[in-house]
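Notes follow once the structure below has been shown.
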Amino acid sequence: MPILFYLKGQFVLKVVEIFYSIQGEGIFSGVPSIFVRLHGCNLACSFCDDALHVGDYKSYSFYEILDVIKDFPSKQIIITGGEPTLYDLNEFIKFLQNFGYFVCIESNGYKFENVKNADWITYSPKDWDNIKKEGWSEIKFIVSKESQVEKIVNFETNKPFFVQPLNLFDKPDFENLDFCIELVKKYPFMKLSIQMHKFLGVR
C-alpha cells in the first residue's frame, strides 16, 4: 500500500497526473477544478476508467504540487485515484486549505479517517452489501442495467444521493444512461450524475 513518506526532509506523495478541467460528476458537476490523481488502489474493478493509477508516477512534495497548481484560476481541488485514502492526506489537505483551496476527495471508502480534514468527500462504494453510513458528504453509485439496484433503493441518507451510469472508457454508454434515467424517475430521492466530461470530450 502506498503511504505518505519523507524525501529529503519533506512529505512526498506519489502522483500520477495533475490537470485542470471541469468536474463532470456529482454535486459539483460543471465546476472548473484542479485534479490531482494519486497512485494505487486497494481494489481492481473491471469497469475502472482510470487505469493510469496503476502505472508510472512521480514523487512530489507538497510545495512541488503547489507550484504546479498555483497558476490555475480555480481554487477547487479534487484528489482522486486510484484510491486517495490509501494515504494519510490530512496534513496535505490542511496545507492546501491554508492557501485557500477547497479540497474534495473521491473515494471508495477504504479509510475515511485519512481524509477527515477534507471540505467534501464523494463516496462511491463498490461493495453494496457493506455501505458506510458516515464519513462522507455525498454518495455516488455506479450503475448498469445489470446492477442489483434493490440493494441501494432502500439506503437511507439525508445527504446527496447520486446514481451514475457505468460508461465506456472515453464515452457514454447510452443503454446504462437510459436505465439510470428511469431509475431516478422511479426513485426521485436519487439524482443523476452523467460524467459530463465524457459527453463533452474533455478530461
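Structural remarks
- Evaluation of Asp173 against the conditions (1) in contact with a strand residue (DSSP E or B) (Cβ under 8 Å, 6 or more places away or on another chain); (2) within 22 Å of Ile131 (Cβ to Cβ) shows that the sole unmet condition is (2).
- Any hit, the stretch 61-74, residues being surrounded by 20 or more Cβ atoms within 10 Å (Cβ to Cβ) and not in a helix (DSSP H, G or I): no
- Enumeration of residues in the stretch 164-182 that are touching a helix residue (DSSP H, G or I) at 6+ places or on another chain (Cβ under 6 Å) and either basic (Lys, Arg) or under 16 Å from Gln148 (Cα atoms) (or both): Pro165, Leu166, Lys171
- Within the stretch 170-203, the set of residues being closer than 29 Å to Asn154 by Cβ, aromatic (Phe, Trp, Tyr) and either outside any loop (DSSP other than H, G, I, E, B) or within 18 Å of the chain's Cα centre (by Cα) (or both) comprises Phe174, Phe179.
- Test result for Ile139, β-branched (Val, Ile, Thr), within 17 Å of Ile105 (Cβ to Cβ) and touching a strand residue (DSSP E or B) at 6+ places or on another chain (Cβ under 9 Å): yes
- Some residue of the stretch 106-121 being touching a strand residue (DSSP E or B) at 6+ places or on another chain (Cβ under 8 Å), small (Gly, Ala, Ser), buried (at least 16 other Cβ atoms within 10 Å of the Cβ) and part of a strand (DSSP E or B): yes
- Scan of the stretch 129-148 for residues that are of a type outside the set (Asp, Glu) and surrounded by 20 or more Cβ atoms within 10 Å (Cβ to Cβ), ordered by number: Trp136, Ile139, Lys140, Phe141, Ile142, Val143
- A count restricted to the stretch 122-141 and to residues that are farther than 19 Å from Leu89 by Cβ and either not in a loop (DSSP other than H, G, I, E, B) or not basic (Lys, Arg) (or both) stands at 9.
- Those residues of the stretch 81-102 which are aromatic (Phe, Trp, Tyr) and assigned to a loop (DSSP other than H, G, I, E, B), in sequence order: Tyr87, Phe99, Tyr101
- Phe155 falls short on exactly one of the conditions (1) buried (at least 17 other Cβ atoms within 10 Å of the Cβ); (2) of a type in the set (Phe, Trp, Tyr); (3) assigned to a loop (DSSP other than H, G, I, E, B), and that condition is (1).
- Qualifying position, being over 20 Å from Ile34 (Cα atoms), not in a loop (DSSP other than H, G, I, E, B) and not β-branched (Val, Ile, Thr), among Glu146, Glu150: Glu150
- Residue pairs meeting the criteria (Cβ under 6 Å; at least 6 apart or on separate chains; first farther than 17 Å from Ile27 by Cα, in the stretch 192-203; second modelled with pLDDT of 75 or more and hydroxyl-bearing (Ser, Thr, Tyr)): Val202/Ser21; Arg203/Ser21
The values are calculated or read from the model by the stated rules, or taken from the named source; none is laboratory data. The model shown is predicted, which means the values in this text are computed figures rather than measured ones. In this analysis, Cβ positions are derived from the backbone assuming ideal geometry, glycine residues included, and neighbour counts consider all displayed protein chains.
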